[in-house]
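Rule-based calculations on the coordinates, nothing more; no lab input. What you are looking at is a predicted structure, and each value in this text was computed from that prediction instead of being measured. Cβ sites come from the backbone with ideal geometry, for glycine too, and all protein chains shown count toward neighbours.
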Amino acid sequence: MERRLQAKVSDSDILQLTSWKAFKDLHEFQGATFEEFGEWFLGIAGHTISEQSRKYHRPSRDVGREISLEEIKDYLPIRQPTGQQQIERSSLLKKALKLLPALHRKVIRWRFFKDLSYQAIGRRLGRSAEAAKHLCYRALAKLRKKLATTRGPR
């Protein structure tokens with residue numbers, strides 16, 4: 001393990017997590033010898049160490065993902081917009097969405113228009129729920145930029 005991870009997680013913690021995962025997924029083991037089992041178990045241990053490293057060394061709060069209230073106040077239902085304002089917002093959103101890559105459009109549609117969970121989105125994309133969540137954050141960041149350029153200066 002890396003030195004910076006050793007300060008957060010002990011070897012026995014890694015062994016315990018690895019053993020638990022191996023026991024849980026024992027039905028997936030396809031080998032026949034003790035050596036094959038050892039290689040399979042070490043693979044799980046490697047994944048567990050990587051997972052713990054990501055868990056402890058990724059910023060828990062990314063300031064870059066924060067959105068100021070000023071940026072989104074026109075899109076919040078604080079006051080009821082007139083029909084014309086709703087049409088304008090809707091057309092701006094449609095224009096901005098068309099400028100996004102297809103994958104980002106799908107993720108935004110699934111998450112916010114169809115109200116799918118990150119886990120459901122991940123299953124549709126063949127990714128983990130965490131990967132789907134990060135993809136959604138990136139898609140929203142691009143959408144925010146496209147909205148700003150589509151709307152133009154105020």
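Assorted remarks:
- Residues that are farther than 28 Å from GLU51 by Cβ, under 17 Å from the mean Cα position of the chain (by Cα) and in a helix (DSSP H, G or I), drawn from the stretch 103-143: ARG105, ARG109, PHE112, LEU143
- Residue, surrounded by the fewest Cβ atoms within 10 Å (Cβ to Cβ), within the stretch 3-19, restricted to residues that are under 15 Å from ARG54 (Cα atoms) and more than 25 Å from the chain's Cα centre (by Cα): ARG3
- Considering residues of the stretch 20-41 that are surrounded by 11 or more Cβ atoms within 10 Å (Cβ to Cβ), within 27 Å of the chain's Cα centre (by Cα) and of a type outside the set (Lys, Arg) only, the residue nearest to LYS55 (Cα to Cα): TRP20
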